[in-house]
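A.B. asks: For reference, the structure I am asking about is given below.
No value in this document is a laboratory result; all are computed from the given coordinates. Since we're looking at a predicted model, the values are computed, not measured. Neighbour counts run over all protein chains shown; Cβ positions are idealised from the backbone, glycine included.
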Amino acid sequence: MIKGPDHLTGEDRPHLYMDDFDSQLKKRKMADKKYQMDKKIGELKYTDLYPHDRNGKEVSEAMLKQLTEVLLDFVNETNDRKCKVLDFHHPEDMKKLLDLSIPQDGLPLQTLIDDCARTLKYQVRTGHPHFFNQLSCGLDLVSMAGEWLTATANTNMFTYEIAPVFILMESVVLSKMREIIGWKGGDSILAPGGSVSNLYAFLAARHHMFPNYKEKGQSSIGAQLVMFTSDQCHYSVKSCAAICGLGTDNCVEVPSDEHGRMIVSELERLVLERKSKGQIPFFVNCTSGTTVLGAFDPINQIADVCQKHKMWLHIDAAWGGGLLLSKKHRHPRFSGVERADSVTWNPHKLMGTLLQCSTIHFKIDGLLLSCNSMSADYLFMTDKLYDIKYDTGDKVLQCGRHNDIFKLWLQFRAKGLNGFEAHMDHLMEMAEYLVERIKADKDKFYLILEPECVNVSFWYIPKRLRNQPHNQQRINELAKICPIIKSKMMEQGTMMVGYQPDDRRPNFFRSIFSSAAVQKDDVDFLLAELDRLGQDL
Ligand code: ABU
């Protein structure tokens, strides 16, 4: 019988490359020594830094230069294929390797540097070429440089008054993204993640259809609002229904086909069904790049239904949005995208912008402001010395807003549109290469479906299950193996690739290509490593 990871305890755990706990502790001390500052400076405290000490230039610079060494080592290790992707420890062991306590009196500068070094030592290297685990992978150095600058500038994005350059950058970049979508004009904003971007779309759609909702609430609608999305959509779409008063029963899941794409005839059938009950279908979410299978719903067909029934068309392209930048891959996936009323697009996914960087775009200008504006007197005064349309903070739900634009603008400057296009084409090429290798090694791997995006879904087949009919019994066995291989790769630290079940099948691997670091030899490594870890299971 195959044991799941819950049963793998103590000596059962694979320790092939793992050091024992004592040697980890020794290594921790070595790591502390590596970043030794001048002893006299290391013994000083935060009060010797700017701004506490007006003459703190020398000490401040010494500390930040030492920190830079820590960060650069992490960058080098991330890009070194001989380094592990992670140094995994169970939470209780990890607590012993770290000092997480909050002291009564502040600690010396050397201890802070040691804390930083130790933090990165045990952090998963998500930019490592063997990290295939998440939709957001990679460590784009230009974007990282942007994030360093952003942290140093430390401003809030609510007004032009305190973020003049960043606010203008936001306007230029978002306008270019709308142009890429295919719109003239419109409006956009950066949001804290794709889920919140989808929420903005929902709120704008309701506001557009029921402008009195903002003041009068539910009574201005009078009947049950209903929204529609495919059964493969991101869960945040359903959460809009939960938090905006519809209830999840009124977020109708439209069945998808075997590729994971919405069945549009079912959408229309379900819209008519709800209409016949006196309800108001008002919003359709069309996913461009589903989280697990990477499927693209057919935009033009969905847009026709929306037009016929006067519903708002939102496209959740949080994941697939980057492919808008590729002439080769944009069509047919995004054919009809310009017909949408709103589009979510996360540069922190396919475009490799550092986390987080999520955008939401609207075809109609002015809607964001009229929907969300609260005109707080203390921030958004109307008698300022500059054009107050640049006080973008009044368009958003939150007050304080992190600067997520500079790292994206700098990336656009570095890559240009052509560089981003080449990046998209490279990611797709890596996914195509994995598919080709899987098909060429049918004995050991089983491709679940031809991917439309950079999500490659497959099973690994251990020796004992090779040359057997691919029936439900074998699928169930292959599914049990996924978490075991995953636990081995994490404990040995050699690689990370995700697995999950979906509504059609039990556990399978989903490999993601969204890191510029990945080359063909890394794809070869992925397959060889799965085989090394799994062949005898
Ligand atoms: N929708 C959030 C991303 C999920 C993932 O990285 O797999």
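A.B. asks: Rounded to the nearest 5, what is the percent of antiparallel bridges among the DSSP beta bridges in segment 186-368? Write down the numbers at each step before the final one.
C.D. replies: On the way: 11 of 29 bridges.
About 40 percent, rounded to the nearest 5.
A.B. asks: For Ile364, Ile438, what's the fewest-to-most ordering of other Cβ within 10 Å of each Cβ? Can you show the working numbers first?
C.D. replies: Values: Ile364 15, Ile438 22.
Least to most surrounded, the residues fall as Ile364, Ile438.
A.B. asks: Also, quick follow-up: Give the residue from Cys240, Gly294, Val196 lying farthest towards the positive end of the charge dipole for the chain; charges sit on Cβ (+1 for Lys and Arg, -1 for Asp and Glu) and the dipole is referred to the Cα centre.
C.D. replies: Gly294
A.B. asks: Now for a different question. Rounded to the nearest 0.05, what FRET efficiency do Leu272 and Glu215 have when you use their Cβ-Cβ distance and R0 = 25 Å? Intermediate results must be reported in sequence, preceding the final value.
C.D. replies: Numbers: r = 32 Å, r/R0 = 1.28.
So the FRET efficiency works out to roughly 0.20.
A.B. asks: Once you sort the root eigenvalues of the Cα gyration tensor of segment 186-368 as a ≥ b ≥ c, which label holds: rounded (a/c under 1.5), prolate (a/b larger than b/c) or oblate (the other case)? Let's see the in-between values first.
C.D. replies: On the way: a/c = 1.74, a/b = 1.27, b/c = 1.37.
Oblate.
A.B. asks: With each label point set 7 Å from Cα along the Cα-Cβ vector, what nm distance links Lys463 and Asn418?
C.D. replies: Label-label distance for Lys463 and Asn418, simple model: 5.2 nm.
A.B. asks: Which whole-angstrom value gives the distance between the alpha carbon centres of segment 264-281 and segment 83-103?
C.D. replies: Here the two parts' Cα centres lie 52 Å apart.
A.B. asks: Going Cα to Cα from Lys275, which lysines come in below 30 Å? Please leave out same-chain ones fewer than 8 positions away.
C.D. replies: List returned: Lys214, Lys216, Lys238, Lys308, Lys310, Lys363.
A.B. asks: What is the distance in Å between the Cα centroid of segment 178-245 and that of segment 471-537?
C.D. replies: 36
A.B. asks: Going by amide H atoms built from the backbone, whose H comes under 5 Å of the H on Ile448, apart from near neighbours?
C.D. replies: HN-HN under 5 Å from Ile448: Ser457, Phe458, Trp459.
A.B. asks: Sort 513-519, 79-85, 255-261 by packing, meaning the average of other beta carbons within 10 Å per residue, with the highest value first.
C.D. replies: On the way: 513-519: 22.6, 79-85: 14.4, 255-261: 17.3.
Packing order, densest peptide first, comes out as 513-519, 255-261, 79-85.
A.B. asks: Of the peptides 168-179, 214-225, 445-456, how do they stack up when ordered by the mean number of other Cβ atoms within 10 Å, highest first? Before the final figure, lay out the partial values.
C.D. replies: Working: 168-179: 18.0, 214-225: 12.6, 445-456: 21.6.
Per-residue Cβ counts within 10 Å, averaged per peptide and sorted highest first, yield 445-456, 168-179, 214-225.
A.B. asks: Follow-up. Could you give the length gained by full extension between Asp387 and Leu168, i.e. 0.36 nm per residue of separation minus their alpha carbon distance, to one decimal place? Before the final figure, lay out the partial values.
C.D. replies: Details: separation 219, 0.36 × 219 = 78.84 nm, distance 1.20 nm.
Gain on stretching Asp387 to Leu168: 77.6 nm.
A.B. asks: A further question follows. Nearest-5 percent of antiparallel DSSP beta bridges in the chain?
C.D. replies: Around 50 percent of the beta bridges assigned by DSSP in the chain are antiparallel ones.
A.B. asks: Using the 10 angstrom Cβ neighbour count as an exposure proxy, how do Thr126, Thr119, Thr47 rank, fewest first? Present the calculation step by step, with values, prior to reporting the outcome.
C.D. replies: On the way: Thr126 18, Thr119 13, Thr47 10.
The fewest-first ordering by Cβ neighbours comes to Thr47, Thr119, Thr126.
A.B. asks: If packing is taken as the average number of other Cβ atoms within 10 Å across a peptide's residues, how do 278-289, 302-313, 461-472, 399-410 rank, most packed first?
C.D. replies: Put in order of decreasing packing, that is 278-289, 399-410, 302-313, 461-472.
A.B. asks: Also, quick follow-up: Can you check what the net charge comes to around Leu67, using other residues whose Cβ is under 12 Å from the Cβ of Leu67 (Lys, Arg +1; Asp, Glu -1)? Write down the numbers at each step before the final one.
C.D. replies: Details: positive: Lys65; negative: Glu61, Glu69, Asp73, Asp114, Asp115.
Result for the neighbourhood of Leu67: -4.
A.B. asks: Also: When the dipole is taken about the Cα centre of segment 230-291, and only Lys, Arg (+1) and Asp, Glu (-1) are charged at their Cβ, what size is it in debye, to the nearest 20? Walk me through the numbers on the way to the answer.
C.D. replies: Details: 6 positive and 8 negative charges, 54 e Å.
Here the size comes out at about 260 debye.
A.B. asks: Please list, in chain and number order, the residues 5+ apart from Ile280 or on another chain whose amide H is under 5 Å from its amide H, with Hs placed from the backbone.
C.D. replies: The answer is Gln224, Leu225, Val226.
A.B. asks: Right, next: Please get the size of the charge dipole for segment 186-368, origin at its Cα centre, with Cβ charges of +1 on Lys and Arg and -1 on Asp and Glu, quoted in debye to the nearest 20. Could the numbers behind the result be given before it?
C.D. replies: Numbers: 18 positive and 16 negative charges, 54 e Å.
About 260 debye.
A.B. asks: Right, next: What ranking of Thr382, Thr229, Thr150, Thr291 emerges when the number of other C-beta atoms within 10 Å of each C-beta is taken as an exposure proxy, fewest first?
C.D. replies: On the way: Thr382 8, Thr229 26, Thr150 19, Thr291 22.
Listed from fewest to most nearby Cβ atoms, that is Thr382, Thr150, Thr291, Thr229.
A.B. asks: To the nearest 20 debye, what charge dipole does the chain have about its Cα centre, counting +1 at the Cβ of each Lys and Arg and -1 at the Cβ of each Asp and Glu?
C.D. replies: So the magnitude is around 680 debye.
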